[in-house]
1. Would you calculate, for the chain, the mean residue ellipticity at 222 nm contributed by helices, counting each DSSP H stretch of 4 or more residues as -39,500 (n - 2.57) and dividing by all residues, to the nearest 500?
2. Show me the helices of the chain, taken as full DSSP H stretches, that run 15 Å or more along their long axis by Cα and average 1.0 or above in Kyte-Doolittle hydropathy.
3. Between 105, 81, 27, which gets the highest mean-square fluctuation from a Gaussian network model of the chain, Cα cutoff 10 Å?
4. Keeping the other protein chains in place, figure out the carbon and sulfur percent of the accessible area of the chain, with a 1.4 Å probe.
5. With +1 on each Lys and Arg Cβ and -1 on each Asp and Glu Cβ, how big is the dipole of the chain about its Cα centre, in debye rounded to the nearest 20?
6. Hey, in the GNM for the chain with a 10 angstrom Cα cutoff, which one of 101, 31, 18 fluctuates hardest?
7. Skipping prolines and chain starts, which residues have an amide H placed within reach, meaning under 5 Å, of the one on residue 79, given they are 5 or more residues away or on another chain?
8. Would you mind getting me the FRET efficiency between residue 77 and residue 57? Use the beta-carbon distance for r and R0 = 30 Å, nearest 0.05.
Amino acid sequence: MAGFSRGIFIHWSIAATHKVRGEVVIGWAFHYAVGVAYAALYLEIMRLGFDSEPTLVSALVYAIALLIAPWFVMQPALGIGFMAARTPNPAAVRLINVSVHAVFGLGLYLGAVAASLAGAA
């Protein structure tokens, strides 16, 4: 993200890329913005597409399905290959990816439940 303004969209190796001032803040802000957008999309899909309230299973399936973006777009753009194939331990990276996305799915579900209980949904 920090390199976009300079026309840098792909890194051959993110570890060898020069640091950009504020890149950590930029990265985390973008990461959270994407998470919020994905959460809103999930709620719209459930309510408008399926005429249903969120369920734990649907939230987990949705969150795991979101791995398509990092595995096939972000990780290759960072120079670590499709599904982290160029990392020292791709299986470990994939397991971490699945686990954190499952936690995101759990958060989606619990947030929907909390909003419903509070009368916001």
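The values are calculated or read from the model by the stated rules, or taken from the named source; none is laboratory data. These numbers were taken from a predicted model, which means no experiment stands behind them. Note: ideal-geometry Cβ built from the backbone for every residue, glycine included; neighbour counts use all protein chains shown. Ligands, DNA and RNA are excluded from the accessible area calculation, which covers all protein heavy atoms including side chains. Shrake-Rupley method; radii C 1.70, N 1.55, O 1.52, S 1.80 Å.
1. -17000 deg cm²/dmol, from helical runs alone.
2. Passing helices, by number: 23-44, 90-117.
3. Answer for the Gaussian network model of the chain: 27.
4. About 73 percent, which is the carbon plus sulfur part of the accessible surface.
5. Once rounded to the nearest 20, the dipole reads 520 debye.
6. Taking springs between Cα atoms under 10 Å, the residue moving most is 18.
7. For residue 79, whose amide H was placed from the backbone, the distant partners under 5 Å are 11.
8. It comes out at approximately 0.45.
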